[in-house]
Amino acid sequence: MTMATTNRELAPRYDAAAVEPGIYQRWLESGAFTPAKEPPPGAEKFVVIQPPPNVTGALHIGHALTATVEDTLVRYHRMRGDDTLWLPGVDHASIAAQFVLDQIIANEGETRQSLGRERYLERMWRFMDETRDYIGGQHRRLGVSVDWTRERFTMDEMSARAVRTAFKRLWDAGLAYRGEALINWCPRCQTTLSDLENIHREEVGSLWTIRYHLAGEDGTPDPESWIRIATTRPETLLGDVAVAVHPGDKRYTKLIGRQAILPFLGRPLPIVSDEMVDQNFGTGAVKITPAHDPDDYELGKRHGLPAISILDDEARINENGGEFAGLDRYAARRTIVERLREMGDLESEEPHQMVVGHCQRCDTVVEPRLSVQWFVNVKPLAERALASVKEGRTGIVPERFEKVYAHWMENIHDWAVGRQLWWGHRIPAWYCPDGHITVSDVAEGPDECAECGRPAAELTQESDIFDTWFSSALWPFSTLGWPEATPDMARFYPTTLMETGYDIIFFWVARMMMMGLFCTDAEPFATVYLHGIVRAAGGVKMSKTRGNVIDPLEIIEEIGADALRFALVTGTSAGADQRLTQAKLDGGRNFSNKLWNAARFVLSSRPEPMATPSSEASLAERWISSRRAATIESATDAVEGLDLGGYIATAYDFAWSDYCDWFLEMAKVELRREDATAGDRARIWRSAAETLADILKLLHPIMPFITEAIWDALRGADGEVATDELLVIAHWPKPGERDDDAETEFEALAQLIRALRNARLEWGVPAGKSVPLDLLADEAWQADRALAGARYIAALARVQPITIHAPDSAEAPAMGAIPTPFGPAWLHSDEPESAGTQQRSNEEQRIKQSIARLKALLANGDFTSKAPADVVERERSRLRELEDALRQLGG
């Protein structure tokens with residue numbers, strides 16, 4: 001028999017760096033990522049709007065996971081023939097971008113103030129152009145099949161118009177307003193933060209107990225009487241306006257209604273009662289600073305108390321702080337504590353466990369601060385968005401996050417949308433000298449004041465910009481042309497799937513739901529798929545501003561994009577965190593190599609000349625055809641159910657175990673049979689090639705590069721097997737018919753071969769040595785089955801000659817039987833027992849280690865409760881198999 005050399009030979013080893021860029025360019029030139037001008041007749045819609053990564057530098061592994069999950073789903077639906085759009089874009093990331101750029105210009109000897117607003121924004125645009133190009137390159141290297149012709153940016157003109165229009169509609173509806181309220185302030189980023197950007201964590205601080213002397217009859221402090229208050233922030237006493245106690249606290253009943261005197265400033269402080277006060281905290285008496293504490297702010301409103309701000313933008317004491325004006329907040333704390341100690345009014349200082357808010361971006365301690373800001377009343381928007389999920393118009397995967405979403409929506413506060421930054425969309429509000437406010441959706445602004453008619457020349461635009469999440473909340477429809485009634489809006493909106501991390505369900509998903517319903521009167525997407533977080537060492541979240549990210553390009557350079565993609569999604573489930581281990585990366589690379597080598601064998605084994613295939617299929621062909629049908633059905637169901645871990649496990653097991661480890665080994669036996677005809681060889685090769693083609697289709701969504709490369713070579717070998725010019729546009733495989741008899745017959749044969757392999761291992765038979773086998777069939781049909789599969793047994797178990805004894809034969813050996821599905825079997829080996837004993841011991845140790853690992857995994861409540869049921873069951877099945885193998889070894 002001669003074998004053909006195809007005109008598209010595969011190299012001896014897969015070199016991802018050499019192969020991947022050229023394949024991506026072919027995809028781009030083919031236009032495969034861009035939907036056809038008209039949707040295919042009868043096609044279902046599948047639309048994903050890519051979560052826009054922050055333009056603050058390179059992507060990290062978390063972004064690579066997002067892109068991989070989405071690309072897997074998008075490629076699958078494209079192959080299914082759906083009207084598929086994956087629209088890409090990037091986010092201007094106001095606070096994050098300004099934080100990063102400020103560090104860059106500091107190294108250049110500049111500051112925001114030294115450059116001024118205009119020059120600073122010019123420098124930001126240059127920075128944006130650089131990072132956008134780099135991020136785009138990273139996405140290309142990762143293989144994302146987005147429609148680059150529709151790429152968007154949250155600061156482009158289309159987005160700017162959407163922002164102005166949405167805000168104007170909120171204003172006209174009475175939902176946007178400007179007012180004074182307590183906000184979260186970051187002294188380093190110099191801007192307001194939303195509650196979601198104020199990250200709380202436990203810390204050990206101090207609790208100081210301070211004497212506030214009571215006012216005497218003449219209004220001066222009584223040196224002999226005082227009320228003891230406890231505080232964790234003594235510097236804020238400069239803004240105190242009252243002392244509060246619980247109305248049921250008998251220790252202070254007689255003091256309610258009296259006055260205490262504020263240290264240093266001499267301000268009289270009324271002693272009020274309020275049920276908000278925790279009698280068990282400190283002394284049970286607390287200082288009230290409405291301008292710098294959320295609870296105090298609410299108490300102050302109930303009692304009609306003033307609010308005195310004592311901190312400036314940089315968290316220094318302002319002019320209201322008397323002698324402490326100009327001191328940093330912590331310097332003021334130290335000074336005030338020392339002065340109180342000198343005065344004899346500091347009773348104690350002790351360690352105290354407390355929760356402190358930090359800026360999400362720079363980790364600076366956040367200061368509550370009274371400020372005039374722009375707000376959106378989101379309560380009515382939240383009610384509608386919550387109803388959409390509760391009533392099933394939008395689903396959240398995994399379902400447990402629906403409760404998390406509902407809890408936040410039911411307890412939502414007004415959204416502070418203004419930011420005191422330069423980079424971002426300016427709030428489209430103009431002020432006239434008479435105090436009127438005009439909001440306009442026109443880029444050039446209003447012609448005149450909406451209330452008094454003053455001309456535009458006399459109006460001043462608001463200097464604040466929008467919270468980045470405001471423009472992001474419009475992303476599913478602003479990207480498609482809203483507020484214009486564009487063809488894309490008509491065809492692709494509402495979208496199908498929003499895929500993102502569960503950590504931004506409040507930041508982004510909830511806001512998209514609220515604004516989508518408000519602006520378009522439709523849910524922006526049908527399903528929200530929440531993936532987990534790829535965590536860094538120690539389990540902390542990766543962040544560019546923390547400097548603990550991994551550049552996916554570094555991994556791609558080493559092992560290729562496919563191996564990385566495979567590692568990122570293998571074994572995962574929706575909403576479950578993961579750590580990217582070296583074992584996972586090695587697994588991805590090993591699988592790539594396995595697939596490549598299998599394809600090289602198939603391509604090099606093509607009979608030449610190619611005869612007409614004969615009609616009678618072998619057991620190997622019937623079995624692999626049935627297993628292929630089962631795999632396609634199972635993999636399809638998994639993807640449709642958004643179980644990507646299950647999909648990959650199914651495709652992987654079929655490709656590695658069924659196809660490579662079993663079928664190709666059996667195919668080699670068929671191809672090398674001396675009595676095989678040219679038609680027989682053509683038939684078995686066609687079965688191998690067609691199965692490989694379906695494997696490539698199954699794996700293409702998760703491993704697009706290597707499958708496309710092999711597909712190209714397979715087309716060169718046989719265009720009837722690989723019919724489409726590019727795999728990216730090929731049709732998803734159809735299941736076909738199952739053959740239960742073939743699967744049953746093969747499984748019995750496989751059990752026999754495994755039993756013989758275990759016996760060889762136990763007895764230390766060298767891997768390449770064939771030994772004689774005797775098999776005593778219990779029944780006649782077993783003898784027939786064993787005889788029919790003898791060529792597979794001989795080759796895969798390395799046994800020769802094979803003697804099959806009829807039932808009740810007296811010629812079979814009497815001792816040392818190996819139980820098999822066909823009856824007892826005997827191997828005849830003259831190997832020394834010591835070699836086998838050592839080999840058996842090594843195998844026992846390996847199996848025991850695997851059993852211990854699986855038992856630990858299955859004892860982990862997080863895994864068994866969060867992982868999909870089929871994933872958990874697969875691991876339990878694997879554990880049972882290993883325990884059975886250990887029993888066979890006598891362990």
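The values are calculated or read from the model by the stated rules, or taken from the named source; none is laboratory data. Here the structure is a predicted model, which is why all the values come from computation and not from measurement. Quick reminder, even Gly has a Cβ in these numbers, built from the backbone with ideal geometry, and neighbours come from all protein chains shown. Surface areas here come from the heavy atoms of the whole protein model, side chains and all, with no ligands, DNA or RNA. Shrake-Rupley method; radii C 1.70, N 1.55, O 1.52, S 1.80 Å.
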Out of the residues in segment 431-458 meeting the condition of being of a type in the set (A, V, I, L, M, F, W, C) and out of contact with any Pro (no Cβ under 7 Å at 6 or more places or on another chain), tell me which one is most open to solvent (accessible area, probe 1.4 Å). 457
Under 7 Å between Cβ atoms, which residue pairs at least 6 apart in sequence (or on different chains) link something in segment 320-335 that is part of a helix (DSSP H, G or I) with a partner that is among the aromatic types (Phe, Trp, Tyr)? 322/264; 323/264; 332/324; 335/324
Within segment 467-477, the residues that are open to solvent by less than 10 Å² (accessible area, probe 1.4 Å) and of a type in the set (Phe, Trp, Tyr) are 470, 475, 477
Looking only at segment 250-291, count how many residues are touching a Ser or Thr at 6+ places or on another chain (Cβ under 8 Å), open to solvent by less than 10 Å² (accessible area, probe 1.4 Å) and either without any contact (Cβ under 8 Å) to a residue 60 or more places away in the chain or in a helix (DSSP H, G or I) (or both). 1
Subset of segment 658-691 (residues that are at pLDDT 95 or above and polar (S, T, N, Q)): 687, 691
Determine if segment 236-244 includes at least one residue that is of a type in the set (D, E, K, R) and surrounded by fewer than 22 Cβ atoms within 10 Å (Cβ to Cβ). no
If I filter segment 19-28 for residues that are outside any helix (DSSP H, G or I), closer than 26 Å to residue 589 by Cα and not charged (D, E, K, R), do I get at least one hit? no
Filter result for the condition that a residue is open to solvent by less than 10 Å² (accessible area, probe 1.4 Å), at negative phi and assigned to a loop (DSSP other than H, G, I, E, B), over 59, 73, 85, 101: 59
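Rundown of residues vs (1) at pLDDT below 95; (2) within 21 Å of residue 345 (Cα to Cα), yes/no style:
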| position | (1), (2) |
| --- | --- |
| 246 | no, no |
| 262 | no, yes |
| 278 | yes, no |
| 314 | yes, no |
| 317 | no, no |
| 325 | no, no |
| 330 | no, yes |
Consider residue 110 carefully, then state whether it is open to solvent by 70 Å² or more (accessible area, probe 1.4 Å) and either out of contact with any His (no Cβ under 9 Å at 6 or more places or on another chain) or of a type in the set (S, T, N, Q) (or both). no
Test: residue 730 is surrounded by fewer than 24 Cβ atoms within 10 Å (Cβ to Cβ), closer than 20 Å to residue 20 by Cβ and among the hydrophobic types (A, V, I, L, M, F, W, C): yes
Kindly indicate whether residue 528 is in contact (Cβ under 8 Å) with a residue 40 or more places away in the chain, part of a loop (DSSP other than H, G, I, E, B) and of a type outside the set (Ser, Thr, Tyr). no
Looking at 203, 217, which is the one that is of a type in the set (Asp, Glu) and either part of a helix (DSSP H, G or I) or farther than 20 Å from residue 333 by Cα (or both)? 217
For residues in segment 190-214 being touching a Pro at 6+ places or on another chain (Cβ under 6 Å) and surrounded by 17 or more Cβ atoms within 10 Å (Cβ to Cβ), which is farthest from residue 422 (Cα to Cα)? 213
When restricted to 366, 372, the only residue in contact with a His (Cβ under 8 Å, 6 or more places away or on another chain) and either within 21 Å of residue 311 (Cβ to Cβ) or crowded, with 19+ Cβ neighbours inside 10 Å (or both) is 366
Quick one: would you say residue 480 is over 26 Å from residue 416 (Cα atoms) and surrounded by 24 or more Cβ atoms within 10 Å (Cβ to Cβ)? yes
Confirm whether residue 574 is part of a loop (DSSP other than H, G, I, E, B), surrounded by 21 or more Cβ atoms within 10 Å (Cβ to Cβ) and aliphatic (A, V, I, L, M). yes
